[in-house]
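**Q** I'd like to ask some things about the structure below.
No value in this document is a laboratory result; all are computed from the given coordinates. Since the model is a prediction, treat every value here as computed from it, not as a measurement. Virtual Cβ from ideal backbone geometry, glycine too; neighbours counted across all protein chains shown.
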Amino acid sequence: PATTRDRLRVAIQKSGRLAEPARDLLASCGLTWRESRDKLFCYGESLPVDLLLVRDDDIPGLIADGVCDLGVVGRNVLVEHDLGRTANGQAAALKEWRQLGWGVCRLDIAINDDEQWTGPEQLAGRRIATSFPRTLEDWLTDKGVDAQVVTLSGSVEIAPRLGQADVVCDLVSTGGTLAANALKPVETLLHSEAVIAGPFAPLEDGREEIADLLLRRMDGALRLKE
Ligand code: ATP
Ligand code: ZN
């Protein structure tokens with residue numbers, strides 16, 4: 001690259017389920033920071049580690065493009081991103097550097113709760129709403145089922161009531177949201193949790209050493225929590 005970068009840059013969710021636990025985790029590593037006025041960037045004061053606050057969906061791309069070095073993100077988002085790369089004939093760029101044990105959820109198929117479930121072949125010809133179309137298509141291919149994938153960026157669980165879809169493929173933790181929408185989970189595509197995502201290749205310009213230090217502290221902090 002034309003420019004070198006000697007500070008580590010970590011992407012975290014700006015707001016949402018992973019935002020606060022991610023900040024808490026980094027704070028527990030001894031990191032303190034100063035926020036930019038627009039609150040999109042945090043300058044690390046105690047370590048040369050800066051934070052970029054973004055939508056979780058943008059985190060894998062930021063790391064793959066080398067804009068950020070590490071990210072705190074759900075495995076579900078990482079898997080969806082990787083399937084997009086392999087579909088384009090690109091090699092997977094990211095791996096899980098650590099599993100964090102929180103943000104635990106599943107990507108499930110859910111059907112109307114008054115419907116019987118006999119198996120994946122029941123989905124043939126039906127419309128399935130999801131925010132994770134590649135993961136769903138990959139699973140459908142694996143099961144040999146031909147269904148119509150309806151991609152929605154949010155509010156997937158109300159799609160059947162709105163007539164947009166017959167079935168959903170959505171993230172589930174307690175199942176409360178599904179139940180409130182008269183849906184029940186019947187198949188699990190993916191078990192997810194928050195992870196530290198990073199590149200396969202080593203970091204450059206001394207950032208590998210900073211990352212090592214941060215992860216050593218993180219391992220200590222995670223162990224203390226057990
Ligand atoms: P953003 O605005 O950053 O795109 P979002 O709406 O996509 O936010 P959140 O709902 O905050 O994201 O969820 C972030 C991550 O939290 C999910 O990708 C998933 O890994 C995890 N998660 C854990 N439990 C759940 C759940 N019950 N529903 C949705 N996500 C969950
Ligand atoms: Zn998102």
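**Q** Given Cβ point charges of +1 (Lys, Arg) and -1 (Asp, Glu) and nothing else, what value in debye, to the nearest 20, does the dipole of the chain about its Cα centre take? It would help to have the intermediate numbers written out before the result.
**A** On the way: 26 positive and 36 negative charges, 107 e Å.
Dipole of the chain, to the nearest 20 debye: 520 debye.
**Q** Two decimals, Cα atoms only, Kirkwood Rh: what is Rg/Rh over the chain? Could the numbers behind the result be given before it?
**A** Details: Rg = 19.4 Å, Rh = 18.9 Å.
With Rh from the inverse mean 1/r over Cα pairs, Rg/Rh is 1.02.
**Q** For the Cα atoms of the chain, what angle does the longest principal axis make with the long axis of helix 19-28, in degrees from 0 to 90, nearest 10?
**A** It works out to around 30 degrees.
**Q** Related question: What residue among L26, Q99, G74 has its Cα farthest toward the positive end of the dipole of the chain, where the charges are +1 on Lys, Arg and -1 on Asp, Glu, each on the Cβ?
**A** L26
**Q** If you don't mind, another one. Looking at T130, T141, L190, which one has the Cα that reaches farthest to the positive end of the dipole of the range 105-192 (charges on Cβ: Lys, Arg +1; Asp, Glu -1)?
**A** T130
**Q** Dividing the convex hull volume of the Cα atoms of the range 105-192 by its residue count, what figure in Å³ per residue is obtained? List each step's numbers first, then the result.
**A** Numbers: hull volume 7.3 nm³, N = 88.
Expressed per residue, the convex hull around the Cα atoms of the range 105-192 is 84 Å³.
**Q** Here is a further query. Suppose every K and R has +1 on its Cβ and every D and E has -1 on its Cβ; what is the size of the dipole of the range 105-192 about the Cα centre, in Debye to the nearest 20?
**A** Values: 7 positive and 13 negative charges, 38 e Å.
Charge dipole of the range 105-192: 180 debye, to the nearest 20.
**Q** Further question: Just to verify a number: FRET efficiency for R223 and A27, C-beta to C-beta distance, R0 = 25 Å, to 0.05? Provide the component values of the computation, followed by the final result.
**A** Values: r = 16 Å, r/R0 = 0.66.
According to the calculation, E is roughly 0.90.
**Q** Let me ask something additional. Enumerate the amide H contacts of E187 below 5 Å, restricted to partners 5 or more residues apart or on another chain; note that Pro and chain-start residues carry no placed amide H.
**A** Sorted by chain and number, the residues that satisfy this are I109.
**Q** Compute the long axis of helix 207-225 from its Cα atoms, compare it with the longest principal axis of the Cα atoms of the chain, and write down the angle in degrees, 0 to 90, nearest 10.
**A** Compared with the principal axis, the helix lies near 60 degrees.
**Q** Let me ask something else. Report the antiparallel proportion of the DSSP beta bridges in the chain as a percent, rounded to a multiple of 5.
**A** Details: 27 of 42 bridges.
DSSP beta bridges in the chain are roughly 65 percent antiparallel.
**Q** Okay, next question. So what's the angle, to the nearest 10 degrees on a 0 to 90 scale, between helix 133-143 and the longest Cα principal axis of the chain?
**A** 50 degrees
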